[in-house]
Amino acid sequence: MHSSAIRETFLDYFEQRGHRRVPSASLIPADDPSILFTNAGMAPFKNTFLGLEKRDYARAASAQRCVRAGGKHNDLENVGRTARHQTFFEMLGNFSFGDYFKSEAIDLAWGLLRDGYALPAERLWITVHEDDDEAAEHWLRWVPAERIIRLGDDDNFWSMGPVGPCGPCSEVFYDHGESVPGGPPGSPEADGDRYVEIWNLVFMQQERCEDGSTTPLPRPSVDTGMGLERMATVLQGVMDNYQTDLFTPLIKSAAEALGVANDPDEVALRVIADHIRSCTFLLYDGALPGNEGRGYVLRRILRRAVRHGYQLGCREPFLHRLTEPLVRQFAELYPDLARRQQRISEAILNEESLFAKTLHQGMELLGAELKRAPSTLDGELIFMLYDTYGFPVDMTADIASEAGIALDLEGYERAMEVQRSRGRSSSRKAVRAISGEGARQLPPSEFLGYDTGATRSRIAGLLGADGNLLERAGAGGQQVALVLERTPFYAEAGGQIGDVGSISGSGFEFAVEDTQRSGEIIVHHGTLSQGELAPGIEVEAQIDAARRAETARHHSATHLLNAALHEVLGEGISQRGSMVGADYLRFDITHPSPISSELLERIETIVNRQILANTPASTVEMPLQQALDAGARAVFDEKYGDVVRVLSMGTDDFSVELCGGTHVSRTGDIGLFVITAESSIAAGVRRIEALAGESARRWLNDQRRALEGLARRLGCGIDESAERLEAVFAKSAELQQALEEARGSQLENLEQSLAAGVEMIGAHSCLLTRLDVPLEGAELRNLGDRLRQKIQVVVLASGASGEVRLLIGVDGALHEKVQAGALMRELAGALGGKGGGRDDFAQGGAADWDGAPAALDVLRTRLLELLA
């Protein structure tokens, strides 16, 4: 069975049985900072299982793309070397959110395996938790007792984390037959390949508390996971994931790109085939190569693939060429992947080209060290390979392990910590977040802010800094988080800042300084200046209406900007972040090069024309998939609900986007839009900063005042200032050229006079002199380079009282006897300064100008010893 048929059979089977078919979520988790990447099928449903998020369905099925290449789930070092390790994989799963439980989950699983995939019943083995009698007894309906194995917590108990939902699990194994070595699960031979796990059914029936105890969940749930790659081996009759149709076309394409034989057992080709899958989909979902977090993991994977190509003899960029066969493979599942192929390919090529500049040098350095056959690779060298040559540590470990050499990781960490301490920021903006039991116990907040900025409400709960519920809060400037039953305050989301304002009542005043969301509740952070708060008290909630209006102008301007960027730069760009405030906005997009001032002006003009058109902004709610099918633009790493709000603005629906933020009623309400800056924030990512409304007007007034001041200094009107300034620059350049010519003539004269002072030390021409003319660094180097063409050893001290610049040049034929860097350390040290350099050239500085003649005499004596 083809892998696409395996995937579709799974999804269709569960869809026909009342499950919502849910599209794969992004590899970049939208609201789970505990994981770098989506690493399991249940990850996008985590908040649903925790009760923090409600969905309009109780059954779901998905084919979730996953990456495991960092943190706890890190398969990187085993990729390509084993039959079943990959960084990228697809997890097929069915889920019950308090709907069906063990008996139906088992029946559904058995029905798919037998009827959907036609697997022989006698080949299927089952494991259950040793205490899970319910699951074991139900499996007996389908499987004889001798093929049901009870195992302990290590094998058959699952938990979401140290605290939270957990429960026993039941795994389905496929028996490849007696011809394959290995024994049943739990046996001493279980590590063999004969019995392969193909499906895990997790029964979440308990909640683990901080003290380690467990309590029953009120609504037990089901989470299952079937690896597509493993199931493909079973249904395609092979023993190795890399022999399935998910990998063989990519391995073949990789071999062709590298000009080597198509060998499915070649580890390098297997690594490349896996890594192009991870790289492509991480870029598709918005990750970009970088030096931190997700960006660094992507860079590690990509460079590891490039290194394996280098190992097979390839010295040119090749990996980007593999995006085309991969896109063909996934075209039906991800139709928009083809539209982004060029951008993804360019990003990979850029990283390949960047790494190519240092790969060869780094490999030579590492190879030379490995030839010495040390037992352990020095930590300082590992750090140098990382810091100077861009070698991820695990890549260095791969290469060293092939030579049987260990790594001094402690030494590497010491060197890394030195670098971290240099660049560590002294402060970091604190982010308000609420988590814990308290937030989960509160009912969902009702948001009224689309229609009003003020409302009467009631306090639903008070939360402390630890996220737990408070019975009351007193005055005295106490910081507290407050939750209302109904609120007009917008919680920060989608790039838009949270509202501020006030919540007041009988005898108390609460200043709202920020508004955030925790699951389904809206949390108002602030300070209680007077009175007391307690749940149930009636309040008046009032946002800062002026601030909200300016924020709405900037948010609506952001939508128009996004549409204008797509119109001018093409549909290949995608949003990579935004920040919408009351006084400015910034918008990040993928784009390979700087955006010219002409294009920025064109983009700005398009937005302002839409503002002048003053068309109404309209919003409508509809199912997510219907909105996407209708062409609404979405941010692919943003988390959306099943029903979304679609905002349309501009002439002929110029901008149509999914957005839950607050906006103007008509485009004319934005008033004015100006782009103030465009810059790079990462490889392939450009940031646009802009202003709207009152902020834009103030900025233009500031620019006008600055121009008026400049015009006054130039003695002309604003309209003539540019021409007058060009004349000033031209005159300045003319004077600078005349000055440089005069200095050049002075250096020539100085060179000629110095050449007369050459002395012979041994059989070698030398010049050691103090120059009373203070020369700039570039001038001293220029003079030194001229003299070195004629003189074998040149020592110059230039300066005046309080500052000495030092230069030493040594002919290459003398390096065995004399090294410029060593001489410079002696000379600079004698003058109370510092210096150093290469064998042929060194520079330094000192403060003891008066001591220079004596120090040069000492150095002359040293040269007599070295050159005699």
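A compact table of results
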quantity	calculated
Per-residue [θ]222 nm for the chain (sum of -39500 (n - 2.57) over DSSP H runs n ≥ 4, rounded to 500)	-12000 deg cm²/dmol
Sequence-separation-based contact order of the range 755-868, relative, with Cα cut under 8 Å and 6+ spacing, percent	24
Square roots of five times the Cα gyration tensor eigenvalues for the range 622-690, Å	25, 19, 10
Residue-span extension gain [Val643 to His2] - 0.36 nm each, minus C-alpha spacing	227.4 nm
Anchor Lys790: aspartates and glutamates whose Cα lies under 16 Å away (excluding residues fewer than 8 positions away in-chain)	Glu748, Glu751, Glu759, Asp811, Asp840
Solvent exposure ordering (accessible area, 1.4 Å, most first) of Thr861, Thr769, Thr396	Thr861, Thr769, Thr396
Mean Cα-pair separation over length for the range 289-425, i.e. relative contact order, pairs under 8 Å, 6 or more apart, %	21
Sequence ranges 377-383, 727-733, 158-164, ranked by mean other-Cβ count within 10 angstrom, highest first	377-383, 158-164, 727-733
Alpha carbon convex hull of the range 590-743, volume per residue in cubic angstrom	169
Accessible area expressed per residue, the range 134-276, with surrounding protein chains retained (probe 1.4 Å, Å²)	42
Solvent-accessible heavy-atom area per residue, rounded to whole Å², over the range 53-132 at 1.4 Å	35
Spatial separation of Cα centroids for the range 287-324 and the range 777-845, in angstrom	42
Distance in nm between pseudo-label sites at Glu509 and Gln625 (7 Å out along the Cβ direction from Cα)	5.3
Label corresponding to Cα Rg over 2.2 N^0.38 Å when calculated from the structure given, among [x] 0.97; [y] 1.12; [z] 1.20	[z]
Cross-link partners of Lys46 among lysines (Cα-Cα below 17 Å; sequence separation of 8 or more within a chain)	Lys54, Lys639
Candidate aspartates and glutamates for bridging to Lys834, where Cα separation is under 15 Å - those fewer than 8 sequence places away on the same chain excluded	Glu803, Glu826, Asp848
For Trp142, solvent-accessible area (1.4 Å; no DNA, RNA or ligand), Å²	90
Heavy atoms of Met416 accessible to a 1.4 Å probe, total area in Å² rounded to 10	10
Average Cα contact separation per residue, the chain, under 8 Å, 6 or more apart, as relative contact order %	6
Distribution of pairwise C-alpha distances over the range 133-231, 5 Å bins, in %	2, 12, 18, 22, 19, 13, 9, 4, 1, 0
The chain, accessible surface, carbon-and-sulfur percent (1.4 angstrom probe)	48
Per-pair calculated FRET efficiency, R0 = 51 Å: Gln737 and Ser353 via Cβ, rounded to 0.05	0.85
Unit charges at the beta carbon, dipole of the chain: most positive-side option, Ser745, Trp142, Ser597	Ser745
Solvent-accessible ranking of Met91, Met760, Met649, largest area first, probe 1.4 Å	Met760, Met91, Met649
Per residue accessible area of the range 582-718, 1.4 Å probe, in Å²	51
At 0.692 mPa s and 37 °C, Stokes D of the range 502-644 from Kirkwood alpha-carbon radius, µm² per second	176
Solvent exposure, largest accessible area first (probe 1.4 Å, DNA, RNA and ligands not counted), of Arg114, Arg299, Arg553, Arg825	Arg825, Arg114, Arg553, Arg299
Distant alpha-carbon pairs in the range 483-580 (separation over 15 angstrom), percent	66
Arg517 accessible area, assembled protein chains, probe 1.4 Å, Å²	120
Rounded to 5, the percent of DSSP beta bridges in the chain classed as antiparallel	85
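The values are calculated or read from the model by the stated rules, or taken from the named source; none is laboratory data. Worth saying up front: this structure is predicted, and the values here are computed from it rather than measured. Note that each Cβ is placed from the backbone with ideal geometry, even for glycine, and that neighbours are counted across all protein chains shown. Protein only, heavy atoms only, side chains kept; ligands, DNA and RNA dropped before computing areas. Shrake-Rupley method; radii C 1.70, N 1.55, O 1.52, S 1.80 Å.
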